[in-house]
Structures are given as C-alpha cells and as structure tokens.
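See structure below.
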4 protein chains.
Amino acid sequence: MSGNSIGKAFILTTFGESHGVAVGGVIDGFPANLEINVSYIQSELDRRRSGKEFFSSPRIEEDKLEILSGLFEGKSTGAPIAFLVYNQDQRPSDYDHLANAFRPSHADYTWKQKFGIRDPRGGGRASARETLARVAGGAFAKSFLHTKNIKIVAGICQIGEYQIPDPVSHISEPQILSFLEQLKADGDTTGGVIACTISGVPAGLGEPVFDKLHADLAKAMLSINAVKGFEYGSGFRSASMKGSEHNDLFVNKNGVIRTLTNHSGGIQGGISNGEDIYFRVAFKPVATLMKDQDTVNSDGEPTVLKGKGRHDVCVVPRALPIVEAMAALVIADHMIRNGER
Amino acid sequence: MSGNSIGKAFILTTFGESHGVAVGGVIDGFPANLEINVSYIQSELDRRRSGKEFFSSPRIEEDKLEILSGLFEGKSTGAPIAFLVYNQDQRPSDYDHLANAFRPSHADYTWKQKFGIRDPRGGGRASARETLARVAGGAFAKSFLHTKNIKIVAGICQIGEYQIPDPVSHISEPQILSFLEQLKADGDTTGGVIACTISGVPAGLGEPVFDKLHADLAKAMLSINAVKGFEYGSGFRSASMKGSEHNDLFVNKNGVIRTLTNHSGGIQGGISNGEDIYFRVAFKPVATLMKDQDTVNSDGEPTVLKGKGRHDVCVVPRALPIVEAMAALVIADHMIRNGER
Amino acid sequence: MSGNSIGKAFILTTFGESHGVAVGGVIDGFPANLEINVSYIQSELDRRRSGKEFFSSPRIEEDKLEILSGLFEGKSTGAPIAFLVYNQDQRPSDYDHLANAFRPSHADYTWKQKFGIRDPRGGGRASARETLARVAGGAFAKSFLHTKNIKIVAGICQIGEYQIPDPVSHISEPQILSFLEQLKADGDTTGGVIACTISGVPAGLGEPVFDKLHADLAKAMLSINAVKGFEYGSGFRSASMKGSEHNDLFVNKNGVIRTLTNHSGGIQGGISNGEDIYFRVAFKPVATLMKDQDTVNSDGEPTVLKGKGRHDVCVVPRALPIVEAMAALVIADHMIRNGER
Amino acid sequence: MSGNSIGKAFILTTFGESHGVAVGGVIDGFPANLEINVSYIQSELDRRRSGKEFFSSPRIEEDKLEILSGLFEGKSTGAPIAFLVYNQDQRPSDYDHLANAFRPSHADYTWKQKFGIRDPRGGGRASARETLARVAGGAFAKSFLHTKNIKIVAGICQIGEYQIPDPVSHISEPQILSFLEQLKADGDTTGGVIACTISGVPAGLGEPVFDKLHADLAKAMLSINAVKGFEYGSGFRSASMKGSEHNDLFVNKNGVIRTLTNHSGGIQGGISNGEDIYFRVAFKPVATLMKDQDTVNSDGEPTVLKGKGRHDVCVVPRALPIVEAMAALVIADHMIRNGER
C-alpha cells in the first residue's frame, strides 16, 4: 500500500533516508542456487556514485555494500537477500531552520501534506540517495538475467536541447560540455533523455492486460525521481505515422519468426516478441539550484531559499545505472512470473 | 500474476474476449453506502461505443450493462460489484483458416508464444473490446470521485501530424477530417495523442517511492491497447528546460499554498500537491488495415493477410473515455489507500 | 484489501449475494491449454447443493453454471475464466421489517458496523450461498490438479459428540441420524468436524516463512463460514506428545526419501515433503434456529427473532465439497508459484 | 510469491538466517507521526530471548536492535522502518559433515527439495531465530495498537498433558516443572498450547470473505515454526455444541450492543464485534533432541543424527511474545485497512 516494494514475483523492498542510518533493500523471490558475484554488485553502486565529471557532485563518501542474508558460500539459497549501505553522513537531527522552507519542485511540501511530518535531512526518503537501493537490487536482477543472456544497456540521447543520435554512456561532445559548464557557472541545471535497449528477451514475457511488459517498464521508469515521460518503440512519434508505415511485418528468418521492422519496440499486446526492447525516458532539470528562489515555509510565510550544498547540473549521466536497474527488476520479475528460474 | 487486476485498494478485475460470451469485471474495494446511478455507468459505455463519425466503425450491437452484485436499493453495500455485457456477436468457434495468419502488430503471435494456444475470435482477450470493462469500472470509480469533487476530462490534442492546441472531445476541423477521409479511402490508419486533466485532487495523494501517483498513471495508460508513450506535466519538453525555468515556486494564495506555475503537473515527489494533474498519452495507428499485408502463419509459412472486417481509421476519439476511466481507477485507488471513503 | 480474492498466482475473486442477481467468480492465472470438462465443474456444484438428507434444506433452485470467458473449443486460453450462477430466488428489495433484527451469531451486526449499511436479503454477501463460487473455482483448480495426479478427499469425522473414526462422505450411522432427527424436531442444530487428505503432492510445495503451505490451508479453511478451528498432522494432540514420539524419521524406500510416520501431516517447515497432507476443520453449529431467540434490532431495541425459513440441522455434510475446493485452490496456487503449469 | 512478507497495508518483510550476518525486517505502512519508544521494542526482543528457566537454552548472545530508517527525532516519518540484529555467532561456512544429515521433523529435507540447495548453518532461514524479526515487527505493531488502547496478552494453557486453566506467563507449577526436568534429563521435549486474548478491538475490523479476521490470525499463527493447530472462540469444542447453546445473544448494555456470551470469540462473519478476541495455538514438541535419531543424508544413505548443541525442552514459554507479535501484526494490518491511522 505504501509502495516501497516493486515486483510481484521478484520483489524489491527498499528503505532508508538520505541522512539516516542506512539505505538498503530486501529481494524476495531471487532464484535459488545461483552464484552471486558480490564485486559486480558493488561495481554497479560505484558506477551510480561516480561522477568525476565537473557537472556532477556526488557525495564524497564511498558506498560500501553489505549483504546481510540470502547467500551461502557465494550462492543464493532461496532466502531473501537483504543488503544495505551505511550512510557516513548521518545527521540524527538537522537544526537548520531553513529546513522549514519548502524547496520548489521537491517533495518537501507534498510529503508534509501526506504524512503530517517532515524529515528535513537532505530530502529524507525522497532524496536521490534512495536510488542506491534500486541500483543494488537491479544488479542482483541483472546477475540473474545474465544467466539467461539478457542484456540491458542505457545511454544518454539528449542533454538540454542537444540530441545525441547514438546514445552514449558519458558526455564528451565539446558543445554539450560547454553548455553544462555555463549552467554550472550560472548555478542552473538542465534535463535530458535516456534511451535503453534490452536484448535477448525471449518471446512470451509480459501479461496481456494490465501488466503489459511496457506498462510495468513505464511504471518502473516513472518511479525514478525527476522522470517526466516514457515512450517505447516508436513512442510519441507513432502518433503521426500511418498504420501502413508503422506495422511490423512478420517474416520467417531461418525458421524463427521475426519482424522486418521494430516499431513495436519488441513488445506486442504487452508481451515480448523476441526483438530488442527499447524505450526512452525523459528527465526534468535538477530542482536544486545554486540560485536564490522564492518559496514559502511550513507556516505559509514567504521566504527565500538560498542556493547551497551539493549540486548536480544534470542528473542524466548518473541516472544510467538507475534506468538499467529498474529495467532489470521488471524483466526479472516477468521471467519469474513465467516460471523461469 | 497474470495481471487481469489493477489497483491495490480499489481493485478492478476484468474478463472476457471479443467474441466470447461476455465481457465484464469485478470491483473489490468500492466504498460502501454510496448511491450508484446505473444510467450514468451505461452512458459511459455508450460514449465508448459511439462513433457516429465516418472514421470509426463500432460494433453495431448495443452494450447493455448488467450489474450482478454489490448494490442494494441503489446503494453500494461494501460487497464486490460485478458487472458484464453479453456479446451479441458470439462465435463459439471460428473456422476461418486465415485465423492462422499472425496479424502484423497485433498480439496474435506473442499470445501464442506465451500461452501455446490462440483464441482467433477477433483477437480474443487482446481485442479492444476488453476496454469495455475498463470503461464500466472507471465509471464506478468516477461515481466515487464525483462525491469528492474530482473531475477527469480527456481531449484529443493530436491526430496524425495535426496538433490541436485546445484539446477537443471530437474532431470538427475540416483539414483533419479530410485527412481522415483520405486514410479511409486508402484503407489506412493514423495515430494521435490524448491530453487528460484531473482537477480537484487534494494534496497528499500518491506514494513517494515506487507507487508514485504519476507512475501508477503511466502504467494504467500504457496498459491501454495501442498506447506507446506517456508524459505528465512538462513531460519530454522538460528535458530541454533549465531548472530556473522549470521549478514551480510556492506562493501563499489566500492561506493556501499553491505553485506559481505547474510544470510539475500537480505531482511532486510522486504525491499530488493540489494543482491540476495533467498528462498526455500517445496512440500508435490502428494495426488493422483494409490493405493486404505480408505475414506468416502459425506454421511459419509466408501468407498474405487480406484487409476485411470492421476498421477504425483512428482510435483516438473513441479512446477518450478509456483514458478517463483508467485515470479514475488510479485516483480512486489512491484515495482509498489514503483512507478516504 | 477487501479480501474478495484468494491466492497469489492462481487467484479466485468471488462476487454475489444470497438474493442478488448472481453469484460467481473470476479465476486469474489458470494454466493455458488445458482441457476443461464443464460437466465436472457442474457436478461439483450439484454435490454442494445436494442434500437429499432430511437434515439439510438446500434451496430448491438448480445451480446452473455459466462460463463467460477463458475457454475456447473446450480448452483454457490463458485468459481469466469467469463464471456465474444466476439466483432464481432474486429479491431486489426485502421489506420484511424483521430484517432489522440482528440474527445472533450471524454477520448482520458486524457487517452493519463495518460498512454502515446492511443487505438484509438472506445475509447478503455473508450467506452460505457465497460458497458456490468457491466450489466452482475449486473445481477448476481440481481440474488442473488432476493433470498432476493430485487428489483431495474430505470426509465427515465428527457430528456433535459422535466421533467417526473412518471419515465418511455421508451419514448412515443410525445413532447419529436419530440425534439429527431429534435436533430437527427441536428446531436446533449441531456442529461437526471434517477431515481432509491431499495425496500426490510433490515435495517442495509451500514457502518457508509466512506462506507456509499449512498456513495458507489454515487461512483458506478459516475463511469458510462457521469454521472455528484447524489442525494439520498431529494437530492439537501434538501438544501432549514427546519429541521422541512425534519426530518423523527419514528412511530411504526404494530410492525415495520417505518418513516412517507422518505426524508432520506431509508438511515440514511449511513445505510439502511428498507424504499425504491431512488436516481437520471444526464447524460450529448452524446459527439459524427454528426457535425464538432474543436479540436487538438496528436501533438497539430488544426484539425476538422468530425461527422460520430454510434450516440446516448440520452444515458439515454439505461442507465437504467446500473444504475440498478451498484446499484445491491453495494447492493449485502453490503449484503455479513453483512454476508448474 | 516467496512469502517473506505478511500483511496488505501494514506489511512486515523479514530476512536473515540463523548463523548468517543479521536477522531483521522492514515495515511498510507504519502510520506517520507516532512516537516510537525504542527501548520498548528492545524489551520485547529481550522477552523473546530470555529463558532463565532450566528448560530453555537461549543463545547467550544479546539481541541488540538497530533501527536503520523510518524514524526522525523519535517519531515515525511515513517511510519504511527497517531494523536488524547482527548475529554474534556468524558462521560464513559450516564444514560439519553432519550437515548433510536431514534432521527429522525439521525443514532440512523440504528446503533442499524446493530450492535445490541447503544452508546448513543451524537451520538457516528455517531456524527459530527468524522469529526475532517477527517479535521486533510485532513490537512496532503493538506500539501503534497501544495508541488505540488495544491490548494483546498470550499465556501458557497447556504443557504436555498438563492443562493450565488460567493461562500463565511462566511455569511455576511444581508438577509441570518436574515433568520438564525429567524430559531434560532424557534429552526429550514436549509440546504445549498458548491462549491469547486481544481486548479493545473496535467493532468492524476484518473482511467478510477470504480475509476474515480470524482467517488472517490463523494464517499468522500457523506461520510460526512448530505450530500445528489454531482455534478461536469456542473452537473445536463448538463441533459438539448445539446452536441453541452456542449462539451469542445480542443485548443492549447501556446503549452499546453487546453479546451475552462470547462463543464467537469476538468475531462474527469474519468481522470483529467489539467483544474480546481469543484463540488458542497448539505447538508440537521441539524437534531437536539430545538423543540419537535414525535418518538419511542428502545422498539418501542411512545415518545417525547425534544429539548435541542447544536444546529447548519446550518452546511454548518463549513463544508467548511471538504469538502476541503475530497477532499484533494482523490487527494492525486490519486497522490500517479500515483507514485507521
């Protein structure tokens, strides 16, 4: 009901706040008897954290994964896998009286409205730090999918107004870099778009009505902080296409039924058809600015929020492993639902 | 697991195939003691079916709703509300040997791959007729939301390449009509985009992590046949905006905390903030063409699919009540989850 | 949340009131491509209804099953299977002003307290007629289990104070019959106990922590109206046993690991071990008496409830198919959860 | 699907093995803005562990609770509450070759059959140590229920063949103590029965069909290791009662509708009626004996299991807080489901 779990058969439950004791998760439904490479899981966390680029400002602390249960002698046992990362930057209290200001386009106001209480420590549960548990959980899911030869790769395909026709894993284009540099100088931020491709998915994954494979992917993506849109296959562009251009004709390629084109994005009627699954995810600009912003406090009084603290100019480069993780969780869930182990 | 239910607290389960006995649903979690106007529910079904326009070709049969349970003397009792519409065009078998051809960009092939059997009667469960149960279920949800002054209105904002700045409930623009007429003459089809606005939602609806309100809306929309994309608030456009343009500043308007702009689309951190919720949904062109198409049959042999039968040039006008219904189901679910009755 | 569904992978949702339009259900998760013998499903309904014995007073109406979806040419398609039985004895309203009296040990008072409204038509949703959907759903589950050679047989092992060492499917013992005759003459009722054995369950079914196989059986049994207790294997008797008597020693019988005794009732640590599963279910005496009873009405005023209408002296004989149905639903659910199709 | 969570609205997910890194849990759905007395939670863990009596042999290690998330300045924030206890007696591997012997009436064999792998470290996930997370989770549930004046008290009502008419929280009766002493000397064990009463539950809790309040209690109790039976209200005894003795007549006591007797055990039609809820839970004798037992190993070869290690003569005294915890989780879940916060 409170929605801190995702999946029906491969279920990740996450917990933890930005400046609380720890961030972590529990996976229920991980297949038994699989070898787990713990350093791979850690490497995904490092990938999420890394951001040597000038335009990201990750926490300095290392995110050291601890696995608490579910493994024995390097293999999954069928028991739930719990893991966590302790926060080195814990703040039992936070007496900053600016804590009362509702930061624009953050979750401060809505959390307070919903729960009647607010955890002001760096956004608490609504912080981007929560994605750490997604990435760890997703790395476990990927470990399972690797045994089935399923691969998930996300790349950056847009930063601000700059389109990147061939999605990249990090930004090297000088024009974009100088755009980001200027934003940083201005204390401003930008959005972007991530494209993701899933290959190796067998035909038959997904459910035909409400739990369509792409519907579950959409939910998973929109559950990531700052995501504003999702499209798969031909996406929004399909709206202006004709059926005769858009339909993917079936052909027999060496005994395997394939489609000539793939506007369907690998999913038809909610079920995978064996072609590559691909989709795009839009991220809004980071809401934390290094600029003053007008707002109100919890008493409804006008106040000014000063820009200070850490600041990502653009979240997209660091969101790649998060997008992959969420995709992996969805695909793993549907694999288990299909009876694959 | 098989995903014929949606919602966690206000749960709609649907059943029924295109040319089976009946299509219907069961609502579990409908609040007790509410008056139900059955003719309103019927009117939503009629609205879905209607399509006097030349470019839609609805079934001729009337969709007569029967309510089987959950009401007593016009009020909900707290028991599940079951309803159905009998199919007048039932076909216990369908000996059409074209049944074996996999229709391009339909669910025929993937269903067969998943379940190892295919119901060839008009697409079976994957048919658009399944949406009838969504519209009826959504009409019950709307009945509940009306008591809370929540309103949901969907409109057409794009047909093919034609943008419609002010979303409309039906097409009257001559240019678009002649575009559709030409498509019909060609046996072809087009896609489109629907915009939807939900007003009157109190602040505090939705959950902060995986069950973000917009994530559940995304899933609900992507679960509709032919939908390829979803965006809310500033959507994909936000990717090219700066944080300083995009952030919605808080202000105190006569004692109520509001935002000056609404790029957030009424949802921040997954939780409603009291502003209008709005989103857009992209539909691909209808896959059924009145043209011959190359394909393969279930033996993998090349064959030609002849265009015949009923044919919608564009699904978007008839999808308006479906989009509204799915939105209503999501909002009702989160209202109940919040303890509202 | 409102609990009209049972199961996580093989899910039965039921609907319908005693004197409403119809009683029925939807099964989501039924394996595709299985032949369904509809007359077998009907025969289970007939078995539930039958009660030629003087001490049961079933409704005279026939319970004619209609299957609405999920089958094509006699086979399951993977789509949800919906079914219903129309009530021949529908009562749109019930003006009996005795309707206001809360019947002792029925659900009238608690339903009103929970939902703020009461459906007085024969107990509405809380009526024994609701079990019809359980029996039909269970018959589908049994159809699946038959393909796996799993058999479920319930028998009567106690009526009032009369123990029946070898459980029977109907009462023929003269002493018990005359006990029941006397009760009937007195307008009184009695309880009883049902024993159930499930054979052919492979080792490995059930989950080790909260969803232990016997825990799910317990819930399923206790969800049947009038059930007051559940025990499996050695049950309550185990409380007075020593570990050295109770432990089931493992032996190798022709290459299969078996246990010498079966105090475990076929389940160890929540998971089946391949031995017969057996359990016992206690039913309280029927609450509807043909005697006057003191009670209060919905205004809290004292009133007298007159004995009238149909009246079962003992519910146990007619509950056999219900116990079997609920067991079948639990076993089918865990089979699907284990990836069996 | 793997069943490491319980509850639909107040959801406890547990993790951890006997000799793994840690045992713990995550509560999703805990009401926001409640004060949490952490030392109370710890005291419940201590109560579970304590067993100064000669007939229990708890681990020597202290169970020190760490709370990882969900609290801010002593209050719940609406975020999930994660907690754990590190195992001081961790064993990364366990080379004991006896590990291969399947212990009689434990979960060793069935776990291996289900998952194809076995964690031999003290029973792994199937160990009684798993109940630590239940007790901690239940203590949080109790903290919530205390704010609603709901009280849960369990007591011992039978040890072996000794009935204890007035349930007690620990054994002082000399006859029973000498019975237990003799068992200990013999390396043997015994079972027992726990009675539990829940007072202060408002009328209207529970759902009328599958999620009857007592059905959820039954499942929760049967999910505890070693539990073999459950009965509520008049229980198995009701089978031999007449309806005229068993029915609880309604009366108006100073404006409140009450029942004259309480054979219903506070629940009618699955919904609480405001009277005390009470039930009884049967525990089998502890399966670990200090005696040699015949068994087979994982190759199916006969072997002898030596009695050694820690050994509880009777689990019942230490199970009191576990029974209370599970009851608290069920009641809290239904409170939240009813919209109580």
Please report the accessible area of residue A:170 (heavy atoms, 1.4 Å probe, ligands and nucleic acids excluded) in Å², nearest 10.
100
Accessible heavy-atom area order of B:69, B:178, highest first, probe of 1.4 Å
B:178, B:69
Taking placed amide H atoms and a strict 5 Å upper bound, the residues 5 or more places from residue B:267 or on another chain that come that close are B:273
Residues other than residue B:253 with Cβ under 14 Å of its Cβ, Lys/Arg counted +1 and Asp/Glu -1, net out at -3
How far, in nm to one decimal, is residue A:90 from itself in the other copies if the label point is set 7 angstrom along Cα toward Cβ? Shortest first, please.
1.7, 6.4, 6.6
Dipole size in debye (nearest 20) for the protein assembly as shown around its Cα centre, Lys and Arg Cβ +1, Asp and Glu Cβ -1?
0
Return the sequence-ordered ³J(HN,Hα) values of region A:5-12 in whole Hz as given by the Karplus equation 6.51 cos²θ - 1.76 cosθ + 1.60 applied to θ = phi - 60°, using x for Gly and Pro.
10, 9, x, 10, 10, 10, 10, 9
Any idea what the relative contact order of region B:177-318 is, in percent, if you count C-alpha pairs under 8 Å spaced at least 6 apart?
36
I'd like the accessible area for residue B:284, computed on protein heavy atoms only with a 1.4 Å probe and all protein chains in place. Round to 10 Å², please.
30
In region A:75-212, carbon and sulfur make up what percent of the accessible area (probe 1.4 Å)?
49
What accessible area per residue comes out for region D:5-337, rounded to a whole number of Å², with a 1.4 Å probe?
32
Nearest-20 debye value, region A:5-337 charge dipole, Cβ charges on Lys, Arg, Asp, Glu:
380
Rank these by accessible area, largest first, 1.4 Å probe: D:280, B:337.
D:280, B:337
Under 5 Å from the placed amide H of residue C:286, counting only residues 5+ away or on other chains, we find C:190, C:315
Express the relative contact order of chain D as a whole percentage, based on alpha carbon pairs under 8 Å and six or more residues apart in sequence.
23
Amide H neighbours of residue B:87 under 5 Å, counting only residues 5+ apart in sequence or on other chains, H built in-plane at 1.01 Å?
B:22, B:23
At a probe size of 1.4 Å, how large is the accessible area of residue D:304, to the nearest 10 Å²?
60
Eigenvalues of the Cα gyration tensor times 5, then square-rooted: what semi-axes does that give for region D:1-156, in whole angstrom, largest first?
30, 18, 15
Leaving out ligands, DNA and RNA, what percent of the accessible area of region C:287-341 is carbon and sulfur, probe 1.4 Å?
45
Measure out, as a whole number of angstrom, how far apart the alpha-carbon centroids of region C:10-49 and region C:271-341 sit.
17
Helix-only mean residue ellipticity at 222 nm for chain C, each DSSP H run of n ≥ 4 adding -39500 (n - 2.57), per residue, nearest 500
-8000 deg cm²/dmol
Using only Cα atoms, tell me the angle between helix B:213-222 and the longest principal axis of chain B; keep it within 0 to 90° and round to the nearest 10.
10
Simple Cβ-charge dipole of region D:207-297, Lys/Arg +1 and Asp/Glu -1, about Cα centre, in debye nearest 20
160
Rounded to the nearest 100 Å², what is the sum over both chains of accessible area buried where B meets C, with a probe of 1.4 Å?
3500
In A, who owns the beta-carbon nearest the axis carrying A over to C, and how many Å from it?
A:339, 2
Return one number: the angle in degrees, 0 to 90 and rounded to the nearest 10, between the long axis of the Cα atoms of helix B:316-337 and the longest principal axis of the Cα atoms of chain B.
50
Give the longest segment of chain A that steers clear of GluC sites (Glu not before Pro) in DSSP loops with at most 13 neighbouring Cβ atoms within 10 Å, not counting the sites themselves.
A:162-341
Measuring from a point 7 Å out along Cα→Cβ, what nm distances, shortest first, does residue D:151 have to its partners in the other copies?
5.3, 5.3, 6.6
How far is helix B:131-146 tilted off the main Cα axis of chain B, in degrees rounded to 10, range 0 to 90?
20
Computed over chain C, the Cα gyration tensor eigenvalues, each multiplied by 5 and square-rooted, give semi-axes in Å (largest first) of 35, 26, 18
With the cut-off at 28 Å, tell me which of the pairs A:219/D:112; B:114/B:228; B:219/D:142; C:151/C:228; A:228/A:291; C:284/D:284 have Cα atoms farther apart than that.
A:219/D:112; B:219/D:142
Considering the options B:321, B:128, B:201, tell which one lies farthest towards the positive end of the dipole of chain B, charges being +1 on Lys and Arg and -1 on Asp and Glu at the Cβ, about the Cα centre.
B:201
Distance from region C:229-248 to region C:138-159 (C-alpha centre basis), Å:
24
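The values are calculated or read from the model by the stated rules, or taken from the named source; none is laboratory data. These numbers come from a predicted model, not from an experiment. We place every Cβ from the backbone using ideal geometry, glycine too, and count neighbours over all the protein chains shown. What goes into the accessible areas is simple: the full protein's heavy atoms, side chains included, and nothing from ligands, DNA or RNA. Shrake-Rupley method; radii C 1.70, N 1.55, O 1.52, S 1.80 Å.
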